[in-house]
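See structure below.
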Amino acid sequence: MPIKDFIAIIYTTILTISALHMPQPLLPLLGHSFNVEMDTISLIMSATFIPLTFIPVISGILLNFLSPKKMILIAALIHSLTVFLISMAVNLYLVIFLRFVEGFLISAILTSNTSYIALKSVKERIQFFMSYYIAFTTIGGLLGRVIGSIIASYFGWRTCFQIMSVSLLLVLPIVYYFMEDVKLSKIKQKDYFSFKNFKLIFMNKTNFYIYIAIFCLFFVFSGITNFLPFRIKSIDRESSEMIIGFIYSGYITGIFMSFIATKIIKWIGNERKTMLLGFATYGFFLLIFSLPNLLLIFITMFGFCSGMFLVHSVASGYLNKIATTQKSLINGAYIAFYYSGGVLGSYLPGIVYKNFGWISFIIGLFIFVFIGFFVISKLSDHA
């Protein structure tokens with residue numbers, strides 16, 4: 001893949017993921033601003049994840065008739081306008097609705113990016129580019145949370161969304177001049193919607209196990225990242241949005257793990273064993289979150305993100321490596337299962353936390369880590 005193409009994908013991905021995750025460390029502030037409790041304000045995140053559970057498959061279908069470049073240009077423009085409207089909203093349910101709309105646009109952009117990588121890369125280099133792509137989604141999540149929390153501490157949460165709106169507009173010239181207007185090989189629509197194709201994707205044992213594992217992975221991650229700000233506030237009420245934002249600095253380790261994923265695979269032997277290591281690391285550091293110490297929580301986030309992004313980068317690359325046809329649908333389904341975990345993980349664990357406490361919250365999440373570990377253990381060692 002030409003470097004200019006990948007630069008466009010990197011910038012688009014960073015900004016899109018930043019917009020997605022920016023409100024997370026601000027949830028206590030937003031809850032106070034709109035005078036609602038944590039289970040209600042968490043809908044700001046859940047609402048955005050909902051479209052990501054089913055629209056990626058539709059986006060994958062559309063990419064057979066519309067090029068990734070055109071899809072990104074259209075979605076990015078509308079995304080910028082939507083984020084600006086959020087900054088002006090005075091009603092919480094209008095914000096939730098706009099975040100719901102935002103999920104459709106984010107889905108279209110992310111599916112276009114992954115499909116473009118699969119389209120422009122030779123098979124032997126897909127794992128390499130996907131690992132780097134996942135690393136930059138991590139950078140986007142880190143920058144969105146940290147920079148957003150800093151801006152909110154000094155200028156308020158509305159300014160965060162206004163700055164993000166302007167930044168998203170810069171996607172347009174970069175994508176327009178750097179990316180090629182290439183399309184996936186066309187498939188007849190009646191064949192594309194055939195039972196055979198959907199069976200190939202959703203009933204394939206390897207695909208199914210990875211989809212379940214990635215659902216559990218992001219369920220747990222969403223639960224921790226969504227409700228950790230409230231946990232921090234319960235430990236120290238004086239913690240500012242900036243302090244909460246810097247708790248997410250552990251993302252840096254996730255970036256590093258994504259970059260070296262291919263080397264870890266070679267060292268351990270194969271993708272299955274690498275993902276098992278990732279889940280084991282993930283579960284270990286999840287349990288440490290049960291201890292009520294801010295410094296320990298800060299340190300733990302580094303190990304927690306290491307496990308999460310090791311699994312994520314290896315799983316996405318592995319799917320693209322073994323796929324011979326229908327790559328846009330396979331990528332769309334992957335994103336759909338990933339964010340399905342996000343929808344439920346960003347809301348349901350909060351009910352457990354609110355009614356039964358933090359320890360029960362951690363135990364519930366650990367069950368999902370175990371399920372993810374178990375299904376990956378059922379995979380074959382050979383692609």
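The values are calculated or read from the model by the stated rules, or taken from the named source; none is laboratory data. Since this is a predicted model, take the numbers as computed values, not measurements. Here the Cβ positions follow ideal geometry from the backbone for every residue, glycine too, while neighbour counts run over all protein chains shown. Quick note on the areas: whole protein, heavy atoms, side chains included, nothing else; ligands and nucleic acids left out. Shrake-Rupley method; radii C 1.70, N 1.55, O 1.52, S 1.80 Å.
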Q) Over the heavy atoms of Leu296, what accessible area does a 1.4 Å probe trace out, to the nearest 10 Å²? A) 60 Å²
Q) If you keep only loop residues by DSSP, which chymotrypsin sites (Phe, Trp or Tyr not before Pro) in the stretch 274-350 have at most 11 other Cβ atoms within 10 Å of their Cβ? A) none
**Q.** Alpha carbon centroid spacing (whole Å) that separates the stretch 74-135 from the stretch 283-313
**A.** 26 Å
Q | Order of exposure, largest accessible area first, which applies to Val166, Val369, Val182 with probe 1.4 Å | A | Val166, Val182, Val369
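Starting from the Cα-Cα distance between Leu287 and Lys4, subtract it from 0.36 nm times their residue separation and give me the gain in nm to one decimal. Spell out each step's value before the answer.
Values: separation 283, 0.36 × 283 = 101.88 nm, distance 4.22 nm.
Value of the extension gain: 97.7 nm.
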Q) Can you give the helix-only mean residue ellipticity at 222 nm for the chain, where every DSSP H stretch with n ≥ 4 adds -39500 (n - 2.57) and the sum goes over all residues, rounded to the nearest 500 deg cm²/dmol? A) -27000 deg cm²/dmol
Q) Can you pick out the pairs among Lys120/Lys266; Lys4/Lys205; Lys233/Lys263 whose Cα atoms lie more than 29 Å from each other? A) Lys4/Lys205; Lys233/Lys263
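Once you charge only the Cβ atoms, +1 for Lys and Arg and -1 for Asp and Glu, what is the size of the charge dipole of the stretch 1-110 about its Cα centre, to the nearest 20 debye? Walk me through the numbers before you get to the answer.
Values: 4 positive and 4 negative charges, 79 e Å.
For the stretch 1-110, the charge dipole is close to 380 debye.
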Q: State which helices in the chain qualify, where a helix is a whole DSSP H run, it must extend 15 Å or more along its own axis by its Cα atoms, and its mean Kyte-Doolittle hydropathy must be at least -0.5.
A: 3-21, 68-88, 92-120, 123-155, 157-169, 205-235, 271-288, 294-322, 327-345, 358-377
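Relative to the present Cα-Cα distance, how much length would full extension add between Lys70 and Ile235 at 0.36 nm per residue of separation?
Details: separation 165, 0.36 × 165 = 59.40 nm, distance 4.74 nm.
Taking Lys70 through Ile235 to full extension adds about 54.7 nm, to one decimal.
Any idea what the dipole of the chain comes to, in debye rounded to 20, about its Cα centre with Lys/Arg Cβ at +1 and Asp/Glu Cβ at -1?
About 1100 debye.
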**Q.** Leading residue at positive end of dipole, the chain (Cβ point charges), from Phe155, Ile330, Ser340
**A.** Ile330
Q: Compute the distance in nm between two label points, each set 7 Å from the Cα along the Cα-to-Cβ direction, one at Phe374 and one at Ile147.
A: 4.2 nm
Q. Given labels modelled 7 Å from the Cα in the Cβ direction, how far is it in nm from Met242 to Tyr176?
A. 3.8 nm
**Q.** Point-to-point label distance, Phe128-Ile351, nm (Cα→Cβ direction, 7 Å offset)
**A.** 4.7 nm
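Using only the heavy atoms of the protein chains and a 1.4 Å probe, how would Trp358, Trp267 rank by accessible area, largest first?
Working: Trp358 15, Trp267 200 Å².
Final ranking, largest accessible area leading: Trp267, Trp358.
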